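Note sheet for the following structure.
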Amino acid sequence: MTLVALGINHKTAPVEIREKLAFAPDTVPTALQDLVNHESVQEAVILSTCNRTEVYCGLDDSANEAVVEWLSEYHQLPLESISPYIYAHRDGDAVQHILRVASGLDSMVLGEPQILGQIKEAYMTANQAGVIGTQLNRLFQHTFAVAKQVRTDTAIGASPVSVAFAAVSLAQQIFSDLSEHKVMLIGAGETIELVARHLKENQVDQIIVANRTVERAKKLAKLFDAEAIAIPQIPQRLPETDIVISSTASPLPFIGKGMMESVIKTRKHKPMFMVDIAVPRDIEPEVGELNDIYLYTVDDLQEVITENRKSRQEAAHQAEDIIDTQVEHFMGWLRSLEAVDSIRAYREKSFQSRDETLAIAKRQLLAGKDPQQVIDELARALTNKIIHEPSVQMKHAAYHGEQELLEHACQLLGINPNTLD
């Protein structure tokens, strides 16, 4: 059976193609059943995220055109409209691909950890659908172990490389336990939503979302069990807030030095952490001159992100080395499957010889023959049965000058003729 990893991602296909080939979560089990009903597909897993749609499967042969055709038919898209965007990896290359994906090396944001959770969900869905066999099961278990090793042995995920992540990470440096503090998020765009997600991951439950359009603030707040307010309410709520992260499209700053002087006085000089991600700025630069205010701008974060990207690139090289080694380990296991039938046949033949010889020995004992003599004859007969066929084949190889076969036989039998006297 051939292992195949086939699909599209953010590098090979634009979003308008990716969205057409995406699978809704509730459709995946049915799609998997439909896929394995194809005569050449033995087992399968479908991974579908916003940045990639991939099919991992075991095929009867190395041809992957059947899977591409299935994708085309399932999504009712012309084959020629999707073929230019699809990549396909086989066997060792397929193993390397999934290990790189799971380790965050193939992600839009290098080293991002979310993809591993998405792969685990894809595996669980396929497992529950009953479409995973021995090889894919072993591949995905191996993948989870390697991804964990990469996270443990390298710094691939240690440094923030997005503005949202960097903002929350800086907040952690000032307030070690974010869960004890109240956060105000100003704006309701994508960056603020990412900040909110990172805050929730750090067990922050006290979040206020302020936005010019209150309805948008409420919509975002609902996702994170937060409170929504309008921009004009900000001055009244700032004194109770420890962390402020702002990202709006306002053309002028709406948080000034005078406002923050009043806030600090009300807070009795408790420190505040403020991040202004907006361009143009939402917070006057002079606010950073005040005691007890830690103000960072998007430029400050970009410096952190640039350094961290370099760090992740170095870690990525280490991760690639780990993956190369682990690909060979998996392919070694895969190749060993080819010997299973041969080993089983050899064991059955050996057990048959044992049983035949043992039956003779038992009959001799029942006939009253000396036990010691029976044991000696049993050992001699069994040894002769075991070595007879290999001996005949080795003589045959020598007679025909098949020196390489002789050397392989010695290796298999664990003998070295040069050590004999």
Give me a count of the residues in the range 316-328 that are within 17 Å of T152 (Cβ to Cβ) and over 16 Å from the mean Cα position of the chain (by Cα). 4
Only one of G157, G130 is surrounded by fewer than 14 Cβ atoms within 10 Å (Cβ to Cβ) and either in a loop (DSSP other than H, G, I, E, B) or of a type in the set (A, V, I, L, M) (or both). Can you tell me which? G130
Filtering the range 94-116 down to residues that are part of a helix (DSSP H, G or I) and touching a residue at least 24 places away in the same chain (Cβ under 8 Å) yields A94, V95, Q96, H97, I98, L99, R100, V101, A102, I115, L116
Counting only strands (runs of 3 or more DSSP E) entirely within the range 220-320, those with at least 3 residues that are within 21 Å of E201 (Cα to Cα) are 243-246, 272-276
So, of the residues in the range 1-47 that are buried (at least 23 other Cβ atoms within 10 Å of the Cβ) and not hydrophobic (A, V, I, L, M, F, W, C), which turns out to be nearest to I82 (Cα to Cα)? G7
Any chance you could count how many residues in the range 190-219 are part of a loop (DSSP other than H, G, I, E, B) and within 36 Å of the chain's Cα centre (by Cα)? 5
Would you tally the residues in the range 268-282 being among the aliphatic types (A, V, I, L, M) and more than 39 Å from the chain's Cα centre (by Cα)? 0
In the range 133-154, what residues are of a type in the set (G, A, S), at pLDDT 95 or above and surrounded by 14 or more Cβ atoms within 10 Å (Cβ to Cβ)? A147
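In the range 85-103, which residues are farther than 18 Å from T12 by Cβ and buried (at least 20 other Cβ atoms within 10 Å of the Cβ)?
Those that are farther than 18 Å from T12 by Cβ and buried (at least 20 other Cβ atoms within 10 Å of the Cβ): V95, L99, A102, S103.
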Return yes when L32 is closer than 18 Å to A126 by Cβ and more than 22 Å from the chain's Cα centre (by Cα) and no when it is not. no
Flagged in the range 14-41 as under 24 Å from G92 (Cβ atoms) and small (G, A, S), in numbering order, are S40
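The values are calculated or read from the model by the stated rules, or taken from the named source; none is laboratory data. Note that the structure is predicted; figures quoted are calculated from it, not measured. Cβ coordinates were reconstructed from backbone atoms using ideal geometry, including for glycine residues, and neighbour counts include every protein chain displayed.
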